[in-house]
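Student: Quick one: this structure, given as structure tokens, is what I'll be asking you about.
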Amino acid sequence: MALDDLLRRLIGSDVSDLHFKVGRPPLLRKNGALVNAPGLPPLSADDTAKIAYGLLKGPQREELKTGVPVDGSYQLGDDCRFRVNVFRQRNSAAIVLRQIPMTIPDFEDLNLPPVMREIADENRGLALVTGVTGSGKSTTLACMMNFINRRRKVHILTIEDPIEFLYKDNVSSISQVEIGFDAPGFGDALRSSLRQDPDIILVGEMRDLETVKTGLKAAEMGYMVFSTLHTTDAVKTINRILDVFPGHQQQQVRYQLAGTLRAVISQRLLPRADGKGRRVAMEILRSNATVKDYIENAEKTSGLKDVVEGGRDQYGMQTFDQHLTMLYNEGVITLETAMEASSSPADFQRALSFE
């Protein structure tokens, strides 16, 4: 079967990822669970090698021969795009594809809280979307960029590895830089971006000291910087950024972060109670005088969760447990799902009993 025909057979609205490995039929991640693709035989080493080479561009094929995992992207006609990762296991090629819709969703499509529009409208500073792999961070950021693109006459510069969602200029002008093709690395691309007259910079991921350092510098210089981290809540996000720096620099970084941070959005994708896909649950921290004080003072940082919990009505903040309670009360998720996703199941159930 031709590669594109195979991919068209496998994709669907409830499929987020495709896995190819020797000895198993293609695997589909449907609503968070991996299942065998129906009606297809187990793959051979020759099968996975052909799929890998069909998905990769010339330089990437050479890179794969060295044994280094390769990231890329692949467009399936006008149907959809994929983020591609090819790696070696048991001396054979294995491939994971993440499906990227061609249409960028709106806030309403994703059921995002209204405060997300206010965060997208920030003019300068740093906003981070965090969560584990597969929690929808890229989709949330794309939704925010699309919202800006429809409303503001600005230059949006994205730095990605690889480019995922494709944007078309609307009111904004959008430039998309792909690591490995348009720039050698995030640090180089981010430094160069400061000379390219951006208003908004989207960095696909803050991976290392150089990227975090330059991102903070850009935010201090008056640009609006959006990025992602693989952290699970607001407090862990603050600590992760600080831990990137040597100990003797961390207090200075606290002052920088307190002055530039506008929001931390941490998210998890949860199965819906009706079995129809998944729904995002979010913890949202927004900057105010109290948040700045708690970031600057190391002995207070662990108490940010209480600040978030108390900032719901005035600032639109919310903890995971607050959002989970709302989703459960609305019948969107089950009690079992809510408790499994909560920060403290015992505290979550106790809070429910007092409602």
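Student: Across the range 312-335, what is the total count of residues that are over 15 Å from E283 (Cα atoms), open to solvent by 60 Å² or more (accessible area, probe 1.4 Å), under 25 Å from the mean Cα position of the chain (by Cα) and not aromatic (F, W, Y)?
Tutor: 0
Student: Among the residues of the range 12-49, which ones are in a loop (DSSP other than H, G, I, E, B), open to solvent by 40 Å² or more (accessible area, probe 1.4 Å) and not acidic (D, E)?
Tutor: Within the range 12-49, S13, K21, G23, R24, N31, P38, G39, P41, P42, S44 qualify.
Student: For T232, which of the numbered conditions (1) hydroxyl-bearing (S, T, Y); (2) modelled with pLDDT of 95 or more; (3) open to solvent by 30 Å² or more (accessible area, probe 1.4 Å); (4) within 17 Å of G131 (Cα to Cα) fails to hold?
Tutor: (2)
Student: Moving on. Looking at D208, D197, which one is surrounded by fewer than 19 Cβ atoms within 10 Å (Cβ to Cβ) and either β-branched (V, I, T) or modelled with pLDDT under 95 (or both)?
Tutor: Within the list D208, D197, the selection yields D208.
Student: Could you tell me whether the range 136-143 includes any residue that is basic (K, R), closer than 27 Å to R254 by Cα, in contact (Cβ under 8 Å) with a residue 24 or more places away in the chain and in contact with a Phe, Trp or Tyr (Cβ under 9 Å, 6 or more places away or on another chain)?
Tutor: No, because not a single residue in the range 136-143 is basic (K, R), closer than 27 Å to R254 by Cα, in contact (Cβ under 8 Å) with a residue 24 or more places away in the chain and in contact with a Phe, Trp or Tyr (Cβ under 9 Å, 6 or more places away or on another chain).
Student: Next question. Would you check if there is a residue in the range 245-261 being within 26 Å of E164 (Cα to Cα), buried (at least 16 other Cβ atoms within 10 Å of the Cβ) and in contact (Cβ under 8 Å) with a residue 60 or more places away in the chain?
Tutor: yes
Student: Suppose we filter the range 92-126 for residues that are assigned to a strand (DSSP E or B) and in contact with a Leu (Cβ under 8 Å, 6 or more places away or on another chain); how many remain?
Tutor: 7
Student: Under 6 Å between Cβ atoms, which residue pairs at least 6 apart in sequence (or on different chains) link something in the range 183-199 that is among the small types (G, A, S) with a partner that is not in a helix (DSSP H, G or I)?
Tutor: Close Cβ pairs (under 6 Å, with a partner that is not in a helix (DSSP H, G or I)) amount to A183/V177; A189/I159; A189/V177; A189/A183; S193/L157; S193/I201.
Student: Starting from residues that are in contact with a strand residue (DSSP E or B) (Cβ under 7 Å, 6 or more places away or on another chain), assigned to a helix (DSSP H, G or I) and over 13 Å from L97 (Cα atoms), keep the ones in the range 50-83 and report whichever is most open to solvent (accessible area, probe 1.4 Å).
Tutor: In this case the residue turns out to be E63.
Student: Something else about it: Of the residues in the range 153-173, how many are under 17 Å from N123 (Cβ atoms) and open to solvent by less than 40 Å² (accessible area, probe 1.4 Å)?
Tutor: Within the range 153-173, residues that are under 17 Å from N123 (Cβ atoms) and open to solvent by less than 40 Å² (accessible area, probe 1.4 Å) number 5.
The values are calculated or read from the model by the stated rules, or taken from the named source; none is laboratory data. If you're wondering where the values come from, they're calculated on a predicted model, not measured in any experiment. Neighbour counts are summed over all protein chains in view; Cβ atoms, including those assigned to glycine, are modelled from backbone coordinates with ideal geometry. Each accessible area value is taken on the protein alone, full model and side chains, heavy atoms only, with ligands, DNA and RNA left out. Shrake-Rupley method; radii C 1.70, N 1.55, O 1.52, S 1.80 Å.
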